[in-house]
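Everything below concerns the one structure shown next.
The values are calculated or read from the model by the stated rules, or taken from the named source; none is laboratory data. Just so we're clear, the structure is a prediction, and the values are computed from it rather than from any experiment. Here the Cβ positions follow ideal geometry from the backbone for every residue, glycine too, while neighbour counts run over all protein chains shown.
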Amino acid sequence: MTPIVSAATTPIIEARGLGKSFVVKRSVFGKAQASVGAVDDISLSLMPGETLAIVGESGCGKSTLGRLLMRLIKPTAGQVLIDGLDVTNISHSAMRHQRRHVQLIFQDPYASLNPRMTIGQTIAEPLMLHDIVPANQRAKRVAELLEMVGLRPEQASRYPHEFSGGQRQRVVIARALASEPKAIICDEAVSALDVSIQAQVLNLLKSLQTQLGLAFVFISHDLGVVKHIADRVAVMYLGRVVEIGTSADIFAAPRHPYTQALLSAIPVAAPPSQQRPKAARLTGDLPSPLSPPEGCRLHTRCPYARPECKLVSMDLDIEANGHANACAFWRELPAQAAEIAREPRNPKLEQLFAAFEAMAATETAAKALQTVTKEG
Ligand SMILES: Nc1ncnc2c1ncn2[C@@H]1O[C@H](COP(=O)(O)OP(=O)(O)O)[C@@H](O)[C@H]1O
Ligand SMILES: [Mg+2]
């Protein structure tokens, strides 16, 4: 079942019961002896122009899901559709063509840039590969792409090491844009950056989304960042989606104890006397993904777990507004969501966003952002 689908249009990416397990141990005869279920029975869709965030602790399967959604790796269960086309079993060459539509950027821009190529060559590569513009127009297109991400055309002849971390991430974004994708999967794309640079890159992504109608899958372990960019949020735990809904619903009325615990863990600016009650704290360690707990996978750590939780399924309970969560007893949990939601998340990031919004109000958003390129 696919929760929250705004009917009319075809999703850019659709996952149906998607699963991926990795064999981590084989017998001498090559028989699988142990496997990690990195992603288990996930159904969701990415609509044109929207930002879907995927959040959860390290190791919960976010990157694997991101790779599955662009069919960089082949699922072991379920289906992936890109722009309505089932790409689950598509040939390598057909996938290469389809891949143009969905690009991936990840945390370490230095690792994704070839140090021996100028950034102009790096950005021109997809233009050639997908034959996007004729050879004699490539330099002009590279210049346009650099300007779109707030860099200067004359910087095309420079090498990656001559740029700061934030500028390198802009180069990576320009390269992703070169193939004119409909969606970009950002896997912890700003996580390694300093908070003020994070805010700049996030604003750049938002402004590109408005200009180009791009959709984003925004993978992050940081809910403070997600709050500023996501239209919808999917929360993952041990390979499963435990809650999905609009950003407003997830932050104002988190249903699942895991989501509530994640929200409680965000550092806040308020003095201790004004901070939220210490509810929804998880106990114990993350279980091994080699043998996830039976029933509700959170039951070993959930502060509200009951004996039945070992037996329940993790099907999503979908409310009328599409907000869905996998806690079988969510209606009976103590009401604390509203208190969590009132907390400021990341005060510095919030200040920076307010400043950007004020700037965007005076000029056009795009122009305002292009002036913000000076980085330390
Ligand atoms: N290629 C692989 N081979 C074996 N196990 C893997 C592989 N990729 C990921 N895993 C395992 O799958 C689980 C999910 O990993 P990942 O998707 O990277 O999580 P996240 O991005 O949320 O940190 C982890 O337990 C990880 O060790
Ligand atoms: Mg990851």
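Filtering the range 71-129 to residues that are in a strand (DSSP E or B), over 18 Å from residue 177 (Cα atoms), of a type outside the set (Val, Ile, Thr) and in contact (Cβ under 8 Å) with a residue 12 or more places away in the chain leaves 77, 78, 79, 81, 85. The set of residues in the range 30-80 being over 20 Å from residue 188 (Cα atoms), within 13 Å of ligand 1 (Cβ to nearest atom) and of a type in the set (Lys, Arg) consists of 74 alone.
For the range 239-254, a residue qualifies if it is outside any strand (DSSP E or B) and surrounded by fewer than 24 Cβ atoms within 10 Å (Cβ to Cβ), and the qualifying residues are 247, 248, 249, 251, 252, 253. Residues that are more than 15 Å from residue 70 (Cβ to Cβ) and under 16 Å from the mean Cα position of the chain (by Cα) within the range 173-192 comprise 173, 188, 190, 191, 192, listed in sequence order. Filtered by the rule that a residue be closer than 25 Å to residue 264 by Cβ, of a type outside the set (Gly, Ala, Ser) and surrounded by fewer than 24 Cβ atoms within 10 Å (Cβ to Cβ), the range 195-222 gives 195, 202, 221, 222. Here is a check on your reading of the model: is residue 138 touching a residue at least 12 places away in the same chain (Cβ under 8 Å), away from ligand 2 (no atom under 16 Å from the Cβ) and among the basic types (Lys, Arg)? When the stated conditions are applied, residue 138 passes them. When the range 190-222 is filtered for residues that are at pLDDT 95 or above and within 16 Å of ligand 1 (Cβ to nearest atom), the ones remaining, listed by number, are 217, 218, 219.
Taking every residue in the range 177-204 that is of a type in the set (Ser, Thr, Tyr) and pairing it with any residue that is assigned to a helix (DSSP H, G or I) and away from ligand 1 (no atom under 16 Å from the Cβ), at least 6 positions away or on another chain, the pairs with Cβ-Cβ distances below 7 Å are 179/126; 196/352. Within the range 95-107, one or more residues are buried (at least 21 other Cβ atoms within 10 Å of the Cβ) and closer than 30 Å to residue 287 by Cβ. Taking the options 84, 49, 78, 59, name whichever one is more than 13 Å from ligand 2 (Cβ to nearest atom), surrounded by fewer than 21 Cβ atoms within 10 Å (Cβ to Cβ), within 23 Å of residue 298 (Cβ to Cβ) and not acidic (Asp, Glu). After ruling out the rest, the residue left standing is 78.
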